[in-house]
Amino acid sequence: MKVRIAGVGAAVPPTIIPTEKLLSIFPGPRKKPWTVDEFEAKTGIRERRFSIDIDDRTGFPMFPPGYGQTPGPAGELAEDAIREALASADLDPGDLDALIFGSSTPDTPHFGTDAQHLHHRLGMRSDAPALHVDVGCGGSVFALQWAKEMILSGVRRRVAVVLVQVVSPLLNRSTYSGSLEYAGNDNEAFLTALLFGDGAGAAILTRAEDDSASEMMSAATVNEYFEIAVQRAGGNLRPPGFPGLDPSDFAVHIIGKRVADAYAPLLERTIGQALAEAGLQAGDVAKFYLHQANRRLIEQLSTALGAGDARTPINVDRYGNTSGASPLILLAEEVRAGAIALGSGEPIVIAAIGANLQYGAHVVRL
């Protein structure tokens, strides 16, 4: 039995937020605030898309009238991406046997509510389960693998995967202007506010019913405990009201040096493992769809793989880091543009890393 990617889709909100605007609210290191040119040189990010704009004066989100009702921005983006993927696969929601919804920033935090709402809005069958998973920036690789395994079990035939990130409603000057002590260093929270953007990417996986070359060939997925992001408060250990907390304890603090140390070496290794299992080499791969952490890290990995710019498309300059959604957004954009085609049999790699620490790669013949 073979599993293939039958459809892909993506959605980003319309509001473009330039780096200059965010630096006026979250100016970077207190000792020496960044200029726009310095930030872009470090990350390659010129702009990102937000569902909710940020007020330049107050540094808080500007929620529109009526905001707060279902579906919220994560649900809307996820639905748009799934519907495009279904159209790409020439399927209806009723054809789906399961839905895997991945997000660290859902509209509603508990009980898999976002996944259930999406299941309902799509009109999926009641016997098709909807699962909500939270594996951060590495989410696409793991969600694709779980969907593949569902199909290979013989129980499911068609499974939808959607990864979505919406950070813009969570950003404000109070929460993201502080810092925490980590490994003897003062780790400031501004980096999260500057790096990330909103977006959703989706894929429809199906059992291959013909003898075409299209197939999810191999995968390598790895879990290791190595913190690259820390949120000090918000869970059982330090819930709201816990003594001694301040607003920045509820911010996600990115440990930048650890991300930089992990990204290229670990992804190069896991991509190599997946390629070896598929009987391919890096030179055989048409395109590498990599987690869009920042441009400098992507270029380091591309150089290590010998891939070059033409085979490692990038959209982090336009969207920022869209977490687990980023490789699927990139793939969907390439399919839309005709740069690559589903059903072509061309070999590609999808690879991602994140979430303290989960990473992996898929080798796929489209």
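The values are calculated or read from the model by the stated rules, or taken from the named source; none is laboratory data. Here the structure is a predicted model, which is why all the values come from computation and not from measurement. Glycine also receives a Cβ, built like all others from the backbone with ideal geometry; neighbour counts cover every protein chain displayed. What goes into the accessible areas is simple: the full protein's heavy atoms, side chains included, and nothing from ligands, DNA or RNA. Shrake-Rupley method; radii C 1.70, N 1.55, O 1.52, S 1.80 Å.
Summary table
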{"item": "Answer from Gln292, Gln231 - the residue that is polar (S, T, N, Q), modelled with pLDDT under 95 and under 22 Å from the mean Cα position of the chain (by Cα)", "result": "Gln231"}
{"item": "In segment 183-236, the residues that are assigned to a strand (DSSP E or B), of a type in the set (D, E, K, R) and over 20 Å from Val167 (Cα atoms)", "result": "Asp186, Arg207, Glu215"}
{"item": "Any hit, segment 214-221, residues being at pLDDT below 85, more than 21 Å from the chain's Cα centre (by Cα) and not aliphatic (A, V, I, L, M)", "result": "no"}
{"item": "Filtered residues of segment 91-116 (kept if outside any helix (DSSP H, G or I), under 22 Å from Leu152 (Cα atoms), open to solvent by 10 Å² or more (accessible area, probe 1.4 Å) and touching a residue at least 12 places away in the same chain (Cβ under 8 Å))", "result": "Leu91, Asp97"}
{"item": "Top-ranked residue of segment 222-238 - restricted to ones that are open to solvent by 60 Å² or more (accessible area, probe 1.4 Å) and touching a residue at least 12 places away in the same chain (Cβ under 8 Å), ranked as farthest from Glu268 (Cα to Cα)", "result": "Arg232"}
{"item": "Single condition Leu245 does not satisfy, out of (1) open to solvent by less than 30 Å² (accessible area, probe 1.4 Å); (2) without any contact (Cβ under 8 Å) to a residue 40 or more places away in the chain", "result": "(1)"}
{"item": "Unique residue being in contact with a Pro (Cβ under 9 Å, 6 or more places away or on another chain) and either surrounded by fewer than 20 Cβ atoms within 10 Å (Cβ to Cβ) or in a strand (DSSP E or B) (or both) when the list is Leu163, Leu180", "result": "Leu163"}
{"item": "Among residues of segment 122-160, those that are open to solvent by 60 Å² or more (accessible area, probe 1.4 Å), within 23 Å of the chain's Cα centre (by Cα) and not hydrophobic (A, V, I, L, M, F, W, C), counted", "result": "3"}
